[in-house]
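Just so you know, all these numbers are worked out from the coordinates, no wet-lab data involved. Just so we're clear, the structure is a prediction, and the values are computed from it rather than from any experiment. Note that we place each Cβ from the backbone using ideal geometry, even for glycine, and neighbour counts take in every protein chain shown.
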Ligand code: R7I
Ligand code: MG
Ligand code: MG
């Protein structure tokens, strides 16, 4: 790992958030699309000596993190600039496993189509409700000042590629969950019911409130397979972000276990494990992520530098 000396708790949490995204994504990537993942296959992947390579989830999260670093409060999301930055990242490394809708939008943006039009035209004019807005949103939690602020910024960062409201609501939920996890006191047990009701207030939509009610009913009892059956585990935002929140709530103080739970649920494993890892490691700090995983992660130095810079933007109370 690239940490020099002991980071402050703020920096440790910021690093936890970004490294949680990256290692969840990279470990889950080998299983994306699997119906479910057995523990032994996952253990083999954990023991392998090969580099952990991340996918589009982390690549675009790092673009958003860099975007926030380059801007000063109070306008940390500039949609026009961010649209080009995201599209250029796809153009630079198109092989990282991008979703079909996002690929089409990036291609059109680079050819000069305004991002809003490209986003609205996607999926026959329906707009995307994929989880691509949610998968890249976690760094917003490091610069937001309240759940309302975080959800507003999250929607602005997501609409560029996800004009369908559910694509934006997924990003709002994940960003708000990351903000609450980051600001939770890792020294005390997490009040899971209070966490879910804060999230419910922030999402302001009956469908999403009902997803969160289902999460509440599954907390502490559901196996990964049962949770996937109930909540869904595919690449659509409404059927993936709730499972990531559940994976976090099953293991709020053990990010490695939250990631394993998400992967064992199958489906969109890179994305769901990435979102769950971001939440849990933002709460605990990076020191709870296995060093063996961090040592294998590609581009870890860059991830750490972005986290350290964003940590300096966090409000002192965090
Ligand atoms: O949201 P997006 O960037 O995809 C992210 C996923 C993650 O799993 C990444 O790891 C990567 O593998 O891709 O890309 P989109 O293509 O916009 O949305 C993802 C999927 O959601 C699509 O491929 C569709 O299956 C589904 N989807 C829709 N289907 C029908 N109509 C999203 N929106 C629609 C829609 O409006
Ligand atoms: Mg991916
Ligand atoms: Mg995925």
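Estimated at 0.36 nm per residue, the fully extended path between residue 95 and residue 253 surpasses their Cα-Cα distance by 53.5 nm. A full extension of the chain between residue 72 and residue 49 corresponds to an added length of 4.3 nm, given 0.36 nm per residue minus the alpha carbon distance. When each of the peptides 231-237, 54-60 is scored by how many other beta carbons lie within 10 Å of its residues on average, the order from highest to lowest is 54-60, 231-237. Here the spin labels are modelled as points 7 Å beyond Cα on the Cα-Cβ line, and at residue 103 and residue 40 they lie 3.5 nm apart.
Protection proxy ranking of 239-248, 126-135, 90-99, 209-218, by the mean of other Cβ atoms within 10 Å over each peptide's residues and highest first, is 239-248, 126-135, 209-218, 90-99. Over segment 135-204, the pair-distance histogram of Cα-Cα distances with 10 Å bins from zero comes to 23, 52, 22, 3 percent, rounded to whole numbers. Legend: calculated FRET efficiency, residue 8 to residue 226, from the Cβ-Cβ distance at R0 = 41 Å, rounded to 0.05, equals 0.55. Taking a ≥ b ≥ c as the square roots of the Cα gyration tensor eigenvalues, with a/c under 1.5 meaning rounded and otherwise prolate when a/b beats b/c, else oblate, which class fits segment 22-97? Prolate, because a/c is 1.5 or more and a/b exceeds b/c. Each residue in 163, 146, 36 was given a count of other beta-carbon atoms within 10 angstrom of its own, and listing them fewest first yields 146, 36, 163.
By the count of other C-beta atoms within 10 Å, a proxy for reagent exposure, 62, 27 are ordered fewest to most as 62, 27. Listing 264, 71 from fewest to most neighbouring C-beta atoms within 10 Å gives 71, 264. For segment 9-311, the orientation-averaged shadow of the C-alpha convex hull comes to 13.6 nm² (one quarter of the hull surface). Subtracting the Cα-Cα distance of residue 188 and residue 219 from 0.36 nm times their residue separation leaves 9.3 nm of extension gain.
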